[in-house]
1. Quick check, is residue 140 in a helix (DSSP H, G or I), modelled with pLDDT under 95 and touching a helix residue (DSSP H, G or I) at 6+ places or on another chain (Cβ under 9 Å)?
2. Looking only at the stretch 333-389, how many residues end up being part of a loop (DSSP other than H, G, I, E, B) and either surrounded by 15 or more Cβ atoms within 10 Å (Cβ to Cβ) or modelled with pLDDT of 85 or more (or both)?
3. Within the stretch 301-331, take every residue that is modelled with pLDDT of 90 or more and either touching a helix residue (DSSP H, G or I) at 6+ places or on another chain (Cβ under 7 Å) or surrounded by fewer than 16 Cβ atoms within 10 Å (Cβ to Cβ) (or both) and give me the one that is farthest from residue 263 (Cα to Cα).
4. Would you say residue 46 is loosely packed, with under 15 Cβ neighbours inside 10 Å and either in a loop (DSSP other than H, G, I, E, B) or at pLDDT 95 or above (or both)?
5. Do the conditions hold for residue 53, that is, is it surrounded by 15 or more Cβ atoms within 10 Å (Cβ to Cβ) and either touching a helix residue (DSSP H, G or I) at 6+ places or on another chain (Cβ under 9 Å) or not in a helix (DSSP H, G or I) (or both)?
6. Can you tell which of 88, 18 is under 24 Å from the mean Cα position of the chain (by Cα), under 27 Å from residue 159 (Cβ atoms) and either modelled with pLDDT under 65 or outside the structural domain of residue 182 (by TED's automatic domain parsing) (or both)?
7. Looking at the stretch 255-276, which of the residues that are out of contact with any helix residue (DSSP H, G or I) (no Cβ under 6 Å at 6 or more places or on another chain) and over 21 Å from residue 305 (Cβ atoms) is surrounded by the fewest Cβ atoms within 10 Å (Cβ to Cβ)?
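The values are calculated or read from the model by the stated rules, or taken from the named source; none is laboratory data. A quick note: this is a predicted structure, and the numbers were derived from the prediction, not measured. No Cβ is skipped: glycine too gets one built from the backbone with ideal geometry, and neighbour counts run over all protein chains shown.
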């Protein structure tokens, strides 16, 4: 086995405030550890009522809104050959600088240790420079990110004899393993082996050093991967190859899913995704973004614009692909909404914007322009809206009137 540094030099870092945060976290973990010889009575038992809510500036938070915290792990899952390593490099560079990428915000500038097995030094340097140029930042923005290439070690041997000494030297906030296949040391479908690696090897290390980890993982090969096109919501958390234990163990999962395009993919927050607080143009919560390879051919990623999505869906539809199959008529859109004058039945017949978007998608109408269609119908008086708190409910005009009549006097509700 060997562990050789790539363009980052592995060395102890000078003290900074995150070292104090790590030490505090590790001390708390040791206090509750079953291996703490100072207390042979076993793990600490605490009263549920005594547990405190995390503070506003939680020192254990690594990615905002507690998407990932110290002691926890996340999965980044995607097909082979799409550029997961360059996407990982973009995450590392942005998080190291304390900057959000695709709406995933670090709590502060983070110290990153990238342990990888597949790219040589030239590949790594090209990705670093490609991302830096694409984002308009100098190459030295990568200074302080440690990168290590490891070959020939796997399983608990890798965790204890390779990774642990590296983490002890670098003291990172986040470790990135790319790809986890290279370090698991066996069959990724073997749940016992995967559990031993994750829970017996990785978890104790995260608790001891007060850091988090992101495992870069492959999806199943086609045709199995294509069969997952119909998966929805939390199903996509299980997109990765091998044992379901990977997802069961992970605190958070990001899945990069093919949509049939060579350069555009869906980034789906399949587990813990609500914590990212992604919103669409209407302020409704969403769990996916469309990301693409750089428009200028560089080695970096960008978020797809609404105009690009409209164009892509139209082209896919013309080819008979998975884009929108047709443009819905006004009457077809209006058929989504029932009409009633009964105040007691009205609320059940209204939909919020997120529900309308789902309904459009299920009917193959495409979802990128659904909001414009609804706004147009509202403007022409064929649909009505009622504001409830921060959301607007949409329905037939008579249904909206009945709904508001039933809620008369509520100050937080009015016609939009």
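1. Working: in a helix (DSSP H, G or I): yes; modelled with pLDDT under 95: yes; touching a helix residue (DSSP H, G or I) at 6+ places or on another chain (Cβ under 9 Å): yes.
Answer is yes for this residue.
2. First pass over the stretch 333-389, keeping only residues part of a loop (DSSP other than H, G, I, E, B): 335-342, 350, 363-369, 380-383, 389.
Next cut, either surrounded by 15 or more Cβ atoms within 10 Å (Cβ to Cβ) or modelled with pLDDT of 85 or more (or both) only: 335-342, 350, 363, 365-369, 380-383.
Within the stretch 333-389, residues that are part of a loop (DSSP other than H, G, I, E, B) and either surrounded by 15 or more Cβ atoms within 10 Å (Cβ to Cβ) or modelled with pLDDT of 85 or more (or both) number 19.
3. Keep residues of the stretch 301-331 that are modelled with pLDDT of 90 or more, which gives 301-304.
After this cut, where a residue has to be either touching a helix residue (DSSP H, G or I) at 6+ places or on another chain (Cβ under 7 Å) or surrounded by fewer than 16 Cβ atoms within 10 Å (Cβ to Cβ) (or both) as well, the list is 301, 303.
Details: 301: 10, 303: 11 Å.
The selected residue is 303.
4. Working: loosely packed, with under 15 Cβ neighbours inside 10 Å: yes; either in a loop (DSSP other than H, G, I, E, B) or at pLDDT 95 or above (or both): yes.
The answer is yes for residue 46.
5. no
6. Numbers: 88 fails: either modelled with pLDDT under 65 or outside the structural domain of residue 182 (by TED's automatic domain parsing) (or both).
Being under 24 Å from the mean Cα position of the chain (by Cα), under 27 Å from residue 159 (Cβ atoms) and either modelled with pLDDT under 65 or outside the structural domain of residue 182 (by TED's automatic domain parsing) (or both) holds for just one of 88, 18, which is 18.
7. Among those that are out of contact with any helix residue (DSSP H, G or I) (no Cβ under 6 Å at 6 or more places or on another chain) and over 21 Å from residue 305 (Cβ atoms), it is 274.
So that you can scan it fast, the table gives a plain yes or no per residue for (1) crowded, with 16+ Cβ neighbours inside 10 Å; (2) modelled with pLDDT under 95; (3) farther than 18 Å from residue 296 by Cβ; (4) assigned by TED's automatic domain parsing to the domain that holds residue 176:
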site: 100; (1), (2), (3), (4): no, no, yes, yes
site: 103; (1), (2), (3), (4): no, no, yes, yes
site: 107; (1), (2), (3), (4): yes, no, yes, yes
site: 112; (1), (2), (3), (4): yes, no, yes, yes
site: 115; (1), (2), (3), (4): yes, no, yes, yes
site: 118; (1), (2), (3), (4): no, yes, yes, yes
site: 127; (1), (2), (3), (4): yes, no, no, yes
site: 132; (1), (2), (3), (4): yes, no, no, yes
